[in-house]
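The structure appears right after this line, and notes come after that.
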Amino acid sequence: MSLVLGVLGGMGPAATLDFLAKLQALTPVERDQDHIRTLVDINPQVPDRNDPLARPGPVLAEMAGALQGAGAQVLAIACNTAHAYADVIVRASGLPLVDMIGTAAAAARDAGARRAGVLGTRKALKLYREYLAAQGMGAVTLEPESQDRFMDLVYRIKRGDVGQDVRLEMAALADELAAGGAEVVIAGCTEVPLVLDPQAGRLPVIDAGEALARRCVAVCLGREPIPAV
């Protein structure tokens, strides 16, 4: 019997649904009952993780505690930036967390890269630098002006704009990371895979959400150890 997975979501809703679809697709099943029981809080009311004046931590802690109370045995966060509050989430719930950023960094290492380009928010980039350094890897990030363009694209995607212009601009930013010396690109914001074609750019793309879904399946089915609390 698999562990019950609790997912903190809604940041944004479309990205959470994308993660859940990947979780379902990556689970080996022969019948409905083989799927992982998943409790999901899709909460778009979490304060903006990119606003320095916002306080998302207490809301995320409340969500985590409620998921634990509902029966979750292990947690995942369907948002890279919200991992800045991982300690708060774990303390509030007492549950192990399958860390998206650590999982994506390990996937970049396993791909044989020594320098990984990251498309992510500034807060997420700080975490990625730390995790990649722990893997003995360097992080390649966008120049400040391009980072501002990236954030504009993220908010356009959150508003529902996933059209050709947004797709081309996101692909161009991935190419900038390649020009900066990256050997692989990590889609380090869950909005990125909604518009970035992994086959269209110059480098392989690691979808952090897909890597997280794959590891959640392995942990919940007992194929990998449960993360330490």
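The values are calculated or read from the model by the stated rules, or taken from the named source; none is laboratory data. Just so it is clear, the structure is predicted and the values come from calculations on it, not from any experiment. Quick reminder, even Gly has a Cβ in these numbers, built from the backbone with ideal geometry, and neighbours come from all protein chains shown. Quick note on the areas: whole protein, heavy atoms, side chains included, nothing else; ligands and nucleic acids left out. Shrake-Rupley method; radii C 1.70, N 1.55, O 1.52, S 1.80 Å.
Some observations on this one:
- Among the candidates GLY112, GLY136, residue that is touching a Lys or Arg at 6+ places or on another chain (Cβ under 9 Å) and part of a loop (DSSP other than H, G, I, E, B): GLY136
- Of the residues making up the range 80-105, those that are in contact (Cβ under 8 Å) with a residue 60 or more places away in the chain and over 21 Å from VAL4 (Cβ atoms) number 5.
- Selected residue (criterion: nearest to PRO13 (Cα to Cα)) from residues of the range 156-189 that are open to solvent by 60 Å² or more (accessible area, probe 1.4 Å) and in a helix (DSSP H, G or I): LYS158
- Test: LEU153 is farther than 24 Å from ALA21 by Cβ, open to solvent by less than 10 Å² (accessible area, probe 1.4 Å) and at pLDDT 95 or above: no
- Residue tally, condition farther than 21 Å from ARG223 by Cα, in contact with a Gly (Cβ under 8 Å, 6 or more places away or on another chain) and surrounded by fewer than 19 Cβ atoms within 10 Å (Cβ to Cβ), over the range 72-119: 3
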